[in-house]
Structures are given as structure tokens and as C-alpha cells.
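K.L.:
Starting off with a structure, shown below.
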Amino acid sequence: MDSLTGEVTTRELRSRLLDVLCRAMYAGERIGVTRNGELAAVVVGVVDLEALEEFEMAQDVAAYREAIDADDGASVGLDELRRELVK
């Protein structure tokens with residue numbers, strides 16, 4: 001992941017938790033946490049999380065608007081929907 005500024009193992013995280021949190025909170029770093037050599041989680045600050053949630057909301061609103069624009073006004077009954085889903 002290109003946007004990570006550092007990595008720690010789960011073992012290192014236990015002993016360096018305060019340092020990792022401060023780096024995420026105050027320096028805006030994104031620190032990957034690895035377990036058995038694989039990326040397991042990422043520690044990010046609240047600002048990054050809020051930006052991600054804002055981005056997701058914008059995508060949801062855009063998808064909603066596209067769905068509204070594409071709606072032809074026809075309704076689908078429950079039985080018809082079930083038949084379509086089984087195909």
C-alpha cells in the first residue's frame with residue numbers, strides 16, 4: 001500500500017502503541033500493522049477517517065442520484081424480483 005508512512009508488527013505495536021497513536025494523530029501518518037508478515041490493519045488519525053467517510057458519502061450520493069436518473073418509474077413485484085434473483 002503506497003500511502004503507508006510506516007509499518008509495525010503486532011508485537012511492536014504492543015510496546016509502541018503510544019508512539020504509533022501520536023504519529024497517526026499529530027503527524028497524520030498512516031501506519032500499517034502486520035501480522036505474520038501480512039498487512040492486517042492500518043492506524044490512521046481521525047482526520048483521515050473523517051475524510052474517508054466524507055468520500056464514501058459523496059460516492060453514495062452520486063450513486064443515489066444516478067439511480068434516480070435511471071429510474072423509469074416502473075415497479076417490480078416481489079414475486080418478479082424473486083424470479084430475477086434466482087436466475
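K.L.:
Filter segment 1-27 down to the residues that are of a type in the set (Gly, Ala, Ser) and assigned to a helix (DSSP H, G or I), then identify the one that is surrounded by the fewest Cβ atoms within 10 Å (Cβ to Cβ).
P.N.:
Here the answer is SER15.
K.L.:
Identify the single condition in (1) touching a strand residue (DSSP E or B) at 6+ places or on another chain (Cβ under 9 Å); (2) surrounded by 10 or more Cβ atoms within 10 Å (Cβ to Cβ); (3) not charged (D, E, K, R) that LEU52 does not satisfy, given that it satisfies every other one.
P.N.:
(1)
K.L.:
Mind checking whether some residue in segment 37-58 is over 19 Å from MET1 (Cα atoms), out of contact with any Gly (no Cβ under 7 Å at 6 or more places or on another chain), of a type outside the set (Ser, Thr, Tyr) and touching a residue at least 12 places away in the same chain (Cβ under 8 Å)?
P.N.:
yes
K.L.:
Sticking with this one: Need the failing condition index for LEU85 against (1) surrounded by 10 or more Cβ atoms within 10 Å (Cβ to Cβ); (2) at pLDDT below 95, just the number.
P.N.:
Only one criterion in (1) surrounded by 10 or more Cβ atoms within 10 Å (Cβ to Cβ); (2) at pLDDT below 95 is unmet by LEU85, namely (1).
K.L.:
Quick check: anything in segment 59-70 of a type in the set (Lys, Arg) and closer than 30 Å to VAL8 by Cβ?
P.N.:
no
K.L.:
Hey, another quick one. I'm trying to understand the selection: among the residues of segment 59-75, which are more than 24 Å from SER3 (Cα to Cα) and surrounded by 10 or more Cβ atoms within 10 Å (Cβ to Cβ)?
P.N.:
Matches in segment 59-75: VAL61, ALA62, ALA63, TYR64, ARG65, GLU66.
K.L.:
What is the number of the single condition among (1) exposed (fewer than 10 other Cβ atoms within 10 Å of the Cβ); (2) part of a helix (DSSP H, G or I) that GLU80 does not meet?
P.N.:
Only one criterion in (1) exposed (fewer than 10 other Cβ atoms within 10 Å of the Cβ); (2) part of a helix (DSSP H, G or I) is unmet by GLU80, namely (1).
The values are calculated or read from the model by the stated rules, or taken from the named source; none is laboratory data. Nothing here was measured: the structure is a model prediction, and the numbers come from that model. A quick note on method: Cβ atoms are made from the backbone with ideal geometry, for glycine too, and the neighbour counts reach across all protein chains shown.
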